[in-house]
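No lab work stands behind these numbers, since they all come straight from the coordinates. Bear in mind the structure is a predicted one, so any value in this text is a computation, not a measurement. Positions of Cβ are generated from backbone atoms using ideal geometry, with glycine treated the same way; all protein chains shown enter the neighbour counts.
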Amino acid sequence: MKPRPGEIVAVVAGLDVSPGRLAAMRATFTAREAARFVSFAHEEHRNRWGAARGALREVLGAALGQAPADVEIRYGPHGKPYVDGLRFNLSHSGARALIALSVDCEVGADIELPRERRRTDDIARRFFTAGEIARLFASVDRKAEFFRLWCCKEAFLKATGEGLSRSTRSYEIEFTASGARLLWANGIPDAATRYSVFPLDPGDGYRAAVVAEGGGLKTRLVRWP
Ligand SMILES: CC(C)(COP(=O)(O)OP(=O)(O)OC[C@H]1O[C@@H](n2cnc3c(N)ncnc32)[C@H](O)[C@@H]1OP(=O)(O)O)[C@@H](O)C(=O)NCCC(=O)NCCS
């Protein structure tokens, strides 16, 4: 489970777990996590959030050689969670979570369950750059391409840890024959060489991406458990 140097491990976890497994996961939560778990009004959201947090604790524990309950998760200025000894990021959507792990570079992860009814052209015009919109609108399968790009855009915001404090139009991503790349990002002069973008196919119709601060990296997709 622990990534090798220069490797990004992308862990995909299913979130519709049995009541027994969810109870075991809840037993690993801190008081803050337990309070967040019970705060969800909708049972499916609550259980999936709990399963994502439980899987995160299990995966981090496995990589760090610690019991899940012993993993100490802290938070950066814009809410990015971190632990000592490992870089990671979490995303969840529908019944899946994606956890990106690295030993040597900052990472951001995003997973999305594409929803057919979303007005993706309108969202693209609002959140994407002119270049991204032009390439998207010229693509053959616009809907699929939209979600592929959305994941890459989100993963970058999560790699830098800035989240919504950075405008989604302040950086541009382009798909290439072998994947994707960051073209530029405001305020980061060497952005194009500093970050690597990896669109991922986690299966079952989900789209995903990992962005890592580094070059020459390899990705490894792993199912959990
Ligand atoms: C938190 C944020 C960074 C991502 O949220 P999201 O896409 O709704 O949800 P995800 O499941 O992908 O990510 C949530 C996880 O990100 C992590 N996270 C929270 N703040 C973070 C930050 N600043 N940086 C990186 N990771 C963060 C947490 O682990 C969180 O998990 P939790 O809710 O179980 O604690 C959010 O602030 C954000 O950027 N939303 C983007 C909305 C948008 O307009 N996107 C346009 C894309 S083009």
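Kindly indicate whether Glu116 is part of a helix (DSSP H, G or I) and either more than 22 Å from Gly79 (Cβ to Cβ) or more than 8 Å from the ligand (Cβ to nearest atom) (or both).
no
Among all residue pairs at least 6 apart or on different chains, which show Cβ distances below 6 Å where the first residue, located in the range 132-153, is free of Cβ contacts under 8 Å to residues at least 12 places away in the same chain and the second is hydrophobic (A, V, I, L, M, F, W, C) and within 11 Å of the ligand (Cβ to nearest atom)?
As it stands, the answer is Ile133/Ala124, since those pairs meet every condition given.
Please go through (1) out of contact with any helix residue (DSSP H, G or I) (no Cβ under 8 Å at 6 or more places or on another chain); (2) assigned to a helix (DSSP H, G or I) for Pro5 and return the number of the only condition it doesn't satisfy.
Every condition holds for Pro5 apart from (2).
Looking at the range 130-152, which of the residues that are crowded, with 22+ Cβ neighbours inside 10 Å and of a type outside the set (Phe, Trp, Tyr) is nearest to His92 (Cα to Cα)?
Cys151
What strands (runs of 3 or more DSSP E), lying completely within the range 125-215, carry at least 2 residues that are within 14 Å of the ligand (Cβ to nearest atom) and of a type in the set (A, V, I, L, M)?
Values: elements: 171-176, 179-185, 195-200, 207-213.
Where strands (runs of 3 or more DSSP E) fall fully within the range 125-215 and carry at least 2 residues being within 14 Å of the ligand (Cβ to nearest atom) and of a type in the set (A, V, I, L, M), they are 179-185, 195-200, 207-213.
Out of all the residues in the range 66-103, which are surrounded by fewer than 15 Cβ atoms within 10 Å (Cβ to Cβ) and either in a helix (DSSP H, G or I) or touching a residue at least 60 places away in the same chain (Cβ under 8 Å) (or both)? Even if it seems obvious, please write down each step before you answer.
Keep residues of the range 66-103 that are surrounded by fewer than 15 Cβ atoms within 10 Å (Cβ to Cβ), which gives 67, 69-70, 72, 74-79, 81, 84-85.
Once the filter is applied, which keeps residues that are surrounded by fewer than 15 Cβ atoms within 10 Å (Cβ to Cβ) and either in a helix (DSSP H, G or I) or touching a residue at least 60 places away in the same chain (Cβ under 8 Å) (or both), the range 66-103 yields Ala69, Asp70, Gly76, Pro77, His78, Gly79.
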